[in-house]
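Okay, structure first, notes after.
Since every read-out is calculated from the coordinates, none of them should be taken as a lab result. None of these values were measured; they are calculated from a predicted model. All Cβ positions, glycine included, derive from the backbone under ideal geometry; neighbour counts span all protein chains shown.
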Amino acid sequence: MNFSSKLLENAVNEFAKLPGVGQKTALRLVLHLLKQEKDEVSHFGNSIIKLRQEIKHCSVCHNISDQELCEICLSKKRENEVICVVEDTRDVMAVENTGQYFGVYHVLGGLISPMDGIGPSDLYIDSLVQRVATTPVKEVILALSATMEGDTTLFYLYKRLKDFQIPITTIARGIAFGGELEYADEITLGRSIVTRVPYHSSII
């Protein structure tokens, strides 16, 4: 792609680094910004810079937050004894959008994937085990994507948590194998949470 401006080229190259954004889409986005008022573009740029500099992760559940503890962990309306374990913040948002879950979360920060060099120590698994060991917990829901990496992580978590003598459940497989949680429609995901099953029965 030939550019008439090095500034334009640099901006397009940066946008093209975003997931799912190719050169043509990046060019459309940059040209759109050039049509906006300078103040609007400055606000856009500053919001991204502020996001990166000031964003925090909840010290309890590791969800993205504006403060030390996220709003979900702070809410007195949530069932703190029920923990839903998810891969990342996108899955928290997907589950919240169902309106069918009222407990709290634990964000792993990824899935175990030996092919990608991601092991248990790279995820927030130890803090989950510590959380279960030190706070009253009635149930742990393993809500991970129905992929090979998701199933590997599910099995590892089950082995780490089974000795605590608490119910460990997994969402019902209304979501097809290979499906990412964030892409499931709200009705299917909500039904999968409501009809969750004991994890040990799913591996027998």
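Can you find even one residue in region 50-59 that is out of contact with any Leu (no Cβ under 9 Å at 6 or more places or on another chain) and within 26 Å of GLY150 (Cα to Cα)?
The answer is yes, given that some residue of region 50-59 is out of contact with any Leu (no Cβ under 9 Å at 6 or more places or on another chain) and within 26 Å of GLY150 (Cα to Cα).
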- Task: Using the structure shown, decide if LEU111 is touching a strand residue (DSSP E or B) at 6+ places or on another chain (Cβ under 6 Å), touching a residue at least 40 places away in the same chain (Cβ under 8 Å), among the hydrophobic types (A, V, I, L, M, F, W, C) and not in a strand (DSSP E or B).
- Result: no
- Unique match (being farther than 23 Å from ARG160 by Cα and either of a type outside the set (Gly, Ala, Ser) or surrounded by fewer than 13 Cβ atoms within 10 Å (Cβ to Cβ) (or both)) among GLY99, GLY117: GLY99
- Does ARG78 satisfy the criteria of being closer than 30 Å to ALA133 by Cβ, without any contact (Cβ under 8 Å) to a residue 60 or more places away in the chain and under 21 Å from the mean Cα position of the chain (by Cα)? yes
